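Here the structure is laid out as structure tokens; the discussion comes afterwards.
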Amino acid sequence: MPYLVDGNNVMAQRVGWHKDRSAARRRLIHDLVRFVAVRRAKVKVVFDGAPDEEFPEGRKFKGVHILYARPGSDADSRIKELIVRSSFKRDSIIVSSDRELRSFADRQGAKTLASGQFRALLDECGEQKPDVGTDVRDERDVEEWLAFFEGRNS
């Protein structure tokens, strides 16, 4: 099942996350990479705020698709957009602690999971080894390599 994660909500499950939001964002991305490797899940994460230089808008990093709120908006609005446009609403799990967003997702036919529950799943995955054959090396998607060698910015 694909997961659509409200990044800031999940980051907020850790004490002191707000002291260095950039570091908290990177830690979460790496936790999500481990989740993808262990669970063989598809994950999109949406963060509030400006994109990170290392993890820009649209980057796919080790199976995690990274997105950000649109300028002048918030992650919840972007997540709603993604839900509405999804062809697989009933197969998706929306991860957020925001009641209004979870209610919206329910009305659209998507499943929901509270950020704290998802944080517990991430912690479990941190204790497990990835499935045999799962590549967790630091590689970019083929699209990113092609863009690099063709001189395009992704």
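A short reminder: the numbers here are calculations on the coordinates, not readings from a lab. Everything numeric here is computed off the predicted structure, so don't read it as measured data. Counting neighbours? That spans all protein chains shown, and the Cβs are built from the backbone with ideal geometry, glycine included.
In order along segment 105-121, phi translates into HN-Hα couplings of 4, 4, 5, 7, x, 8, 8, 10, 9, 5, 4, x, 5, 5, 4, 5, 5 Hz, rounded to whole numbers, per the Karplus curve 6.51 cos²θ - 1.76 cosθ + 1.60 with θ = phi - 60° and x for Gly and Pro.
For the peptides 23-35, 1-13, residues were scored by their other Cβ atoms within 10 Å and the scores averaged per peptide; the highest-first order is 1-13, 23-35. Less than 5 angstrom separates the built amide H of residue 3 from those of 42, 43, 44, 93, all sequence-distant by 5 or more or on a different chain.
Its residues counted as N, segment 6-76 yields a C-alpha radius of gyration over 2.2 N^0.38 Å of 1.04.
Please report the orientation-averaged projected area of segment 2-150, defined via the convex hull of its C-alpha atoms, in nm². With every direction weighted equally, the projected area is 9.6 nm².
The residue among 29, 4, 66 whose Cα reaches farthest toward the positive pole of the charge dipole of segment 2-150, with charges on the beta-carbon of Lys, Arg, Asp and Glu, is 4. Each peptide among 104-110, 64-70 gets the average number of other Cβ atoms lying within 10 Å of its residues, and from highest to lowest they stand as 64-70, 104-110. Derived scalar couplings between HN and Hα for segment 7-22 equal x, 5, 5, 6, 4, 5, 7, 10, 5, x, 4, 6, 5, 9, 4, 5 Hz in order, rounded to whole Hz, by the Karplus curve 6.51 cos²θ - 1.76 cosθ + 1.60 (θ = phi - 60°), x for Gly and Pro. Converting phi to 3J(HN,Hα) with the Karplus coefficients 6.51, -1.76 and 1.60 and the offset θ = phi - 60°, segment 35-48 yields 4, 4, 5, 6, 8, 6, 9, 9, 9, 10, 10, 10, 10, 7 Hz in sequence order, with x at every glycine or proline. Taking the DSSP beta bridges with both ends in segment 2-150, the antiparallel portion is around 15 percent.
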